[in-house]
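First up is the structure itself, then whatever we jot down about it.
The values are calculated or read from the model by the stated rules, or taken from the named source; none is laboratory data. Everything numeric here is computed off the predicted structure, so don't read it as measured data. Here the Cβ positions follow ideal geometry from the backbone for every residue, glycine too, while neighbour counts run over all protein chains shown. Side chains included, ligands, DNA and RNA excluded: accessible areas come from the protein's heavy atoms. Shrake-Rupley method; radii C 1.70, N 1.55, O 1.52, S 1.80 Å.
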Amino acid sequence: MNAAVDKWIFAHTDELSQWRRHIHANPELARHEYATTEFVATRLAAAGLSPELLPGGTGLTCDLGPSDGPRIALRADMDALPLQELTGATYSSTVPGVSHACGHDAHTTILLGTGLALSEIPDLPVGVRLIFQPAEEVMPGGALEVVAAGRLEGVSRIFALHCDPRLAAGRVGVRLGAITSAADTVEVVLDSPGGHTSRPHLTTDLVFALGTVVTGLPGMLSRRIDPRTGTVMVWGAVSAGRAPNAIPQTGMMTGTVRTGDHETWEMLEPLVREIVHGLLAPTGVRYQLNYRRGVPPVVNDEVSTRMFEDAIRTVGPDALADTPQSGGGEDFSWYLEEVPGAMARLGVWSGVGEQLDIHQPTFDLDERALGVGVRVLSSLVLAEAQR
């Protein structure tokens, strides 16, 4: 069966590139992936398959193989980023301020190719559900909409690939346990009567209070949480006042707190609230704490990880690679709250020149990775059929 997939990849390599470039040139933001959804649905329907739109009108699922027995789900995300592209490629984004700088164009192409390759295998012995998901780039993520729509019903295991420019094309990295981190947002809004900087004792010093939290919260978290969990708090924006001789009345700070440990994620919000209250109480400054939970960490289970490793080895003897845990968040984690599964890192670096990171305006990828992705996802399905 793998030989049939290889034959399909060889015959459709140029087509995979064309699909990816079309999606890349026409990026759509979260929950606006209408044209991308239609592009995928049209090609699946042309192959005799029956794609089903998600209730929100963007994203779709499509089942292959028998309706009874185990069913493996394969997921790709479809949305782009609000980022101006600066690659200079002939297939650059035609939408100002929007680009596929995270590789979701490749994810969509690979899953489409996988579905079409598997559809040509007669009497596919295991059920497959293709999940083309919208809105991964916005918290808490479109995965929750897929789950709420019941599209994980009957699924026994789920897998996904994510582009990784730190790995060369032809290699795929996977790890057991957490491969991404939980990512929550913390916002603290401060309120004070204000006053003259010559008389801080007659008011409440808002900037002093702000600085206390800016340095104190990350420091206290590092002392209250096991460092082996990979928990980190970083502020991204801090603002207060304008005049050098006036204590401001309002101030704001916002940042993210991330962890690779699921149990730690569950306790973070009450702990952050406790620490902020303790830091600000002596200052007399009023505050409002807005804590927004994002996504849990993606935690690969052992069976799914071993299945990924075996599938990656079918690409070649040197294809399997280790990969570190990322501090980034990924809403694929919501699926793993429901069923076991795993995510792997697909190498997309050409092997020449700078290794540009995702979410950069100059990010691009080596399209040889597209066929590798189809091979790996197809092998996961075919190996399950032989278990």
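For the range 100-121, does any single residue satisfy the condition of being aliphatic (A, V, I, L, M) and either without any contact (Cβ under 8 Å) to a residue 60 or more places away in the chain or touching a Ser or Thr at 6+ places or on another chain (Cβ under 8 Å) (or both)? Taking every residue of the range 100-121 in turn, at least one turns out to be aliphatic (A, V, I, L, M) and either without any contact (Cβ under 8 Å) to a residue 60 or more places away in the chain or touching a Ser or Thr at 6+ places or on another chain (Cβ under 8 Å) (or both).
For the range 1-39, the tally of residues that are aliphatic (A, V, I, L, M), open to solvent by less than 40 Å² (accessible area, probe 1.4 Å) and over 20 Å from the mean Cα position of the chain (by Cα) stands at 4.
Taking the range 40-90 as the range and being open to solvent by 20 Å² or more (accessible area, probe 1.4 Å), touching a residue at least 60 places away in the same chain (Cβ under 8 Å) and small (G, A, S) as the test, the residues that pass are A47, G48, G56, G65, S67, A89. Of the listed requirements (1) touching a Leu at 6+ places or on another chain (Cβ under 6 Å); (2) farther than 27 Å from L152 by Cα; (3) open to solvent by 40 Å² or more (accessible area, probe 1.4 Å), F363 misses just one: (3).
Count of the range 292-308 residues, restricted to those that are assigned to a helix (DSSP H, G or I) and either touching a helix residue (DSSP H, G or I) at 6+ places or on another chain (Cβ under 9 Å) or surrounded by 16 or more Cβ atoms within 10 Å (Cβ to Cβ) (or both), is 4. Taking the range 52-81, which residues are part of a loop (DSSP other than H, G, I, E, B), over 21 Å from W19 (Cα atoms) and in contact with a strand residue (DSSP E or B) (Cβ under 9 Å, 6 or more places away or on another chain)? If the condition is that a residue be part of a loop (DSSP other than H, G, I, E, B), over 21 Å from W19 (Cα atoms) and in contact with a strand residue (DSSP E or B) (Cβ under 9 Å, 6 or more places away or on another chain), then L54, G65, P66, S67, D68, G69, P70 are the ones that fit. Restricting attention to the range 276-291, the residues that are under 16 Å from W235 (Cα atoms) and surrounded by fewer than 20 Cβ atoms within 10 Å (Cβ to Cβ) total 3.
Please work out if L370 is open to solvent by less than 60 Å² (accessible area, probe 1.4 Å) and either of a type in the set (V, I, T) or over 15 Å from the mean Cα position of the chain (by Cα) (or both). Judged against the criteria, L370 is a match. Listed by position, the strands (runs of 3 or more DSSP E) contained in the range 111-207 that have at least 3 residues being under 30 Å from T254 (Cβ atoms) and open to solvent by less than 50 Å² (accessible area, probe 1.4 Å) are 157-168, 182-191. In a residue-by-residue description of the range 236-253, the property of being open to solvent by less than 10 Å² (accessible area, probe 1.4 Å) and at pLDDT 95 or above applies to at least one position.
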